[in-house]
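Taking it in order: structure first as C-alpha cells, then the write-up.
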Amino acid sequence: MAEKYVIGLDYGTLSGRAILVNAENGRTVAQSVKNYTHGVLEKSLPDGTPLPAAWALTVPADYLEVLTETIPKLLAQSGVKAENIVGIGLDVTASTFLPVDRDGMPLCEKEEYAARPHAWMKLWKHHAAQPQAERMTALARERNEDFLQWYGGTVNAEWTLPKLLQIAEEDPEICREADCFMEAGDWLVMRLTGERTRSMCIAGYKLQYRKAWEPSGSAAGYPGRSYLSGLSPLLADIVEEKLGGYPLEPGEAAGGLTEAMAERLGLLPGTPVAAAAIDAHAAVPGVGISRPRELLMVLGTSCCAMLCSEQAAVVPGIFGMVKDGILPGYYGYEAGQSSVGDTFDWFVRNCVPESYVREAGNAGTEIHRYLTEKAALLRAGESGLLALDWWNGNRSCLADANLKGMILGLDLATKPEHIYRALIESCAYGMRTIMEAFEAGGVKVERVYACGGIAKKNPLMMQIYADVLNREIRIGSSDQSSALGAAMFGAVAAGVYPAVTEAAESMGHVEEYSYRPVPENVGVYRRLYEEYSVLHDYFGCGGNDVMKRIRCLW
C-alpha cells in the first residue's frame, strides 16, 4: 500500500514555511521556507504612504507566494507523487486579518484603496488599536458582558474586534466597502478551496466566538449586537454582514483543492484542506501533546503559552479560554508574551557595539550566538541586572500594550552580555508569572514543553527557563512544530485519523534530552523573581504609571 503524506503550512510574522510529512509516523521528508517579500510594514506602505506609530501591516500577496513557491519545492525535493498527498493543513499568526470584496480580493489590491492603510492586512502585532481595546474593556465591564471573564477580564489590542473598531472610527469607508473581514488563515483556505469558511480556533480566541457549554450557560456566538452597536453603529451588524460563517473545528475539512490551485501547486484537485488554525495552537499536537495539564511554550518572535484542562476556570489576564479550541474535549487556554525573540533582535540591532560584531565575525559565528556564549559564562544573578519583559507591551497577565521594557541596575561596568542575559531571564520571569496565574486559577500544570527556533537552538535560554520555572522542560523534536501540527489537521481532514489527539500520539515527538532545574540556580532565581514581581506590580498594576505618562510628552 502506498504511503500517505500530508502538507503542513505555517505562516509566521516574517516568513512562511511548508513541510511534507509522512502521515503515519510524522517524519518530515521535505521542507521549504519563503521570507515575505515585503516583510512587516511598520513605517510606510509600499507606495511610501507613512504609517503612524504602533502599526504593523503586511502584504496579502506575500502569503500566496508562500503557497506557490514552497509546495512545488516540496514535491521536487522529496520525489513524492501528488496522488500520495492526501491532505493539507495550515496555521497563521493571529489575529492577522484583511478586508476583502465579494470575490475575496483584498481591498489593498484595488487602486482606489492602495494608499489607505486600513485597507491592508493587519498583523497580530498591530497595537495601534490600544485606545479602542481600553474602551471595549470599559464598556464590557460596565455592561457585565459574560464573554469578558473567559478572556482574562481585559480586551487586548491584538484581537480582531479592537482593530475593526479602529477601522470604523478612522476609515469608515473601508468598513462599509469591505464585503467581509477575513482572518488570513480563512482567506488562504478560501484561495485553496474556493469555499469561504471560518476557523473556530481563530474565531474563538481572536473574535471571542463561544460555543454553548457549561458552566457558562451563555448562548453560542460572538459578543452581542447591543454591545457592538454601543461601540460604533458601524459594528452593529458586522457579525451578520461581514464576519459570517459557521466556524469549523481544528481538523475539520473546509473543502477540496480547486482545479486552478491544484495546477499551480502541482497537486490533485479535490485534495482535502483543513480549516485554518492559529500557529501556537497547532504546535500543541505538533509536539505530541494529546492530554490536559501539559503546558507548551512556543518561543519565537513572541511567546505563546498553551494549556488544556478538563475544567473551565476564570484566569485573570489570559488571552482566552475556548472549548475544543486546541484539543477536542478540553478547555484550551492561551496566554503569552508579546516580545521574546523580538527583544533580543532589538538589542542586537541597536545596542551592541561594533567591536562585538567584529569579534563574532572573527570567531566565525553570528552575533546572537556570540552573545549567548559570553552570557553563558555568567552565573545566575552575576549580571546585577533585573529587566521587565515588556518591550512590545504586555500580553499576559496585564494585557496592556502601552507598557514598556525596563532594565534596572546598569552601571559603568555593565557589558552587552550582562544585558543579554538579563533580557533572557526577564522572559523567563514573565513566563513564570503566567504559569503561576494558571495555577492560582485552578488550572494545573504537570508538565512543561517548549518548541520553536529558540527552544532548539539556545540551550542557555532553555536552562534559564528550567531554573526560573523550577520545572523540567521537554523539547519538541520537530524544527517546525506548528507546521507539523497543521499537517496533522490535514491528516484528520483527510480521514487518516479520527481526531487530532490520535494524530498527535502517532505523529508528534519530543527530543530524548530535556532541561532540568539546577538547584543552586533555582534558589538565586527565586529571589530575583520576587524582585521582578515587585517591579511588575509597581509599574504594571498602577503603582506608578510613569511608563504611560512619559509617552504623552511628545
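The values are calculated or read from the model by the stated rules, or taken from the named source; none is laboratory data. The structure displayed is predicted, hence computed values, not measured ones. Positions of Cβ are generated from backbone atoms using ideal geometry, with glycine treated the same way; all protein chains shown enter the neighbour counts.
Mind checking whether some residue in the range 210-219 is of a type outside the set (D, E, K, R) and either modelled with pLDDT of 95 or more or buried (at least 23 other Cβ atoms within 10 Å of the Cβ) (or both)? No - not one qualifying residue is present in the range 210-219. Among the criteria (1) touching a strand residue (DSSP E or B) at 6+ places or on another chain (Cβ under 8 Å); (2) closer than 30 Å to GLY540 by Cβ; (3) assigned to a loop (DSSP other than H, G, I, E, B), the one TRP124 does not fulfil is (1). Contact map, the range 139-152: residues that are closer than 22 Å to ILE434 by Cβ paired with residues that are among the basic types (Lys, Arg) and surrounded by fewer than 16 Cβ atoms within 10 Å (Cβ to Cβ), Cβ distance under 9 Å, separation 6+ or inter-chain. Pairs shown: LEU148/ARG141.
Listed by first and then second residue, the pairs with beta-carbon distance under 6 Å, at least 6 apart or on different chains, first residue in the range 104-118 and under 21 Å from LYS43 (Cα atoms), second of a type in the set (Gly, Ala, Ser) and buried (at least 22 other Cβ atoms within 10 Å of the Cβ), are LEU107/ALA119; CYS108/ALA119; TYR113/ALA119. Looking at the range 177-196, is at least one residue touching a helix residue (DSSP H, G or I) at 6+ places or on another chain (Cβ under 7 Å), surrounded by 23 or more Cβ atoms within 10 Å (Cβ to Cβ), modelled with pLDDT of 95 or more and in a loop (DSSP other than H, G, I, E, B)? Yes, that holds for at least one residue. Of the residues making up the range 10-27, those that are of a type in the set (Val, Ile, Thr), touching a helix residue (DSSP H, G or I) at 6+ places or on another chain (Cβ under 6 Å) and part of a loop (DSSP other than H, G, I, E, B) number 0.
Scanning the range 28-60 for residues that are farther than 30 Å from GLY508 by Cβ and assigned to a strand (DSSP E or B) gives LEU41, SER44, PRO50, LEU57. For the range 162-172, the criterion of being assigned to a strand (DSSP E or B) and of a type in the set (A, V, I, L, M) is satisfied by no residue at all. Selection of helices (runs of 4 or more DSSP H) fully inside the range 477-554 by the criterion of at least 2 residues being hydroxyl-bearing (Ser, Thr, Tyr) and under 29 Å from GLY329 (Cβ atoms) returns 481-493, 500-507.
Restricted to the range 415-451, and to residues there that are hydroxyl-bearing (Ser, Thr, Tyr) and out of contact with any strand residue (DSSP E or B) (no Cβ under 9 Å at 6 or more places or on another chain), the residue that is nearest to SER383 (Cα to Cα) is TYR420. One residue alone among THR70, THR37, THR28 is assigned by TED's automatic domain parsing to the domain that holds LEU243, β-branched (Val, Ile, Thr) and touching a Lys or Arg at 6+ places or on another chain (Cβ under 8 Å), and that residue is THR70. Listed residues GLY317, GLY245; which is touching a Lys or Arg at 6+ places or on another chain (Cβ under 7 Å) and on the phi > 0 side of the Ramachandran plot? Going through GLY317, GLY245 in turn, the sole match is GLY245. Being over 19 Å from TRP150 (Cβ atoms), outside the structural domain of SER481 (by TED's automatic domain parsing) and not small (Gly, Ala, Ser) is true of CYS303. Give the residues of the range 359-387 that are surrounded by 18 or more Cβ atoms within 10 Å (Cβ to Cβ) and in contact with a Leu (Cβ under 6 Å, 6 or more places away or on another chain), sorted by residue number. Once the filter is applied, which keeps residues that are surrounded by 18 or more Cβ atoms within 10 Å (Cβ to Cβ) and in contact with a Leu (Cβ under 6 Å, 6 or more places away or on another chain), the range 359-387 yields THR372, LEU386, ALA387.
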